[in-house]
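Taken together, the values in this text are just the output of simple stated rules run on the coordinates, not laboratory data. The structure displayed is predicted, hence computed values, not measured ones.
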Amino acid sequence: MTTITPAPSTTDVETRGFAVSSLVLGIVSFVAGFTFVVPVAGLVLGILALRREPSARTMAIWGVVLNAVLLAGVVIATLAFLAFGLLLLPFAPLAFV
């Protein structure tokens with residue numbers, strides 16, 4: 001006797017797309033250089049993955065952590081460069097002498 005198993009429905013299939021995307025964007029932005037847009041996108045995808053994909057919670061947490069750290073680094077580096085530039089502003093006329 002042959003039994004027929006039904007095909008899995010779309011609700012049975014576990015998706016991990018948001019979590020994987022968040023983790024990959026965190027790793028890529030860490031390796032390829034500091035940007036602002038890529039960590040923001042990875043952070044949003046990681047937060048969405050935490051809410052929608054409970055089976056991929058570990059990957060989503062790592063993606064959120066990586067992207068948040070890189071985003072904080074970009075903000076701190078930008079503020080440091082602006083402060084350094086403002087400190088050197090009084091000496092700008094000396095460059096043209």
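Measuring nothing but how far apart in sequence close Cα pairs (under 8 Å, 6+ apart) lie, relative to its length, the chain scores a relative contact order of 29 percent. Under a Gaussian network description of the chain, with springs only between Cα atoms under 10 Å, the residue in 36, 81, 18 that fluctuates furthest is 81. Calculated translational diffusion coefficient of the range 56-96 (37 °C, 0.692 mPa s; Stokes-Einstein with Kirkwood radius over alpha-carbon pairs) equals 260 µm²/s. How much of the calculated P(r) for the chain lies past 20 Å, in percent of all Cα pairs? The share of Cα pairs beyond 20 Å in the chain comes to 54 percent.
Seen against the Cα atoms of the chain and their longest principal axis, helix 57-88 is set at about 10 degrees.
Most mobile of 66, 50, 82 per a Gaussian network model of the chain (Cα springs, under 10 Å)? Comparing 66, 50, 82 in a Gaussian network model of the chain, the most mobile one is 82. Largest GNM mean-square fluctuation across 32, 49, 60, computed for the chain with C-alpha springs under 10 Å, falls on 32.
How far is helix 17-32 tilted, in degrees, relative to the longest principal axis of the Cα atoms in the chain, given as a value from 0 to 90 rounded to the nearest 10? Between the helix axis and the principal axis of the chain, the angle is about 30 degrees. Between the range 65-83 and the range 11-60, the C-alpha centres lie 19 angstrom from each other.
Estimated from helices alone, the mean residue ellipticity of the chain at 222 nm is -23000 deg cm²/dmol (sum of -39500 (n - 2.57) over DSSP H runs with n ≥ 4, per residue).
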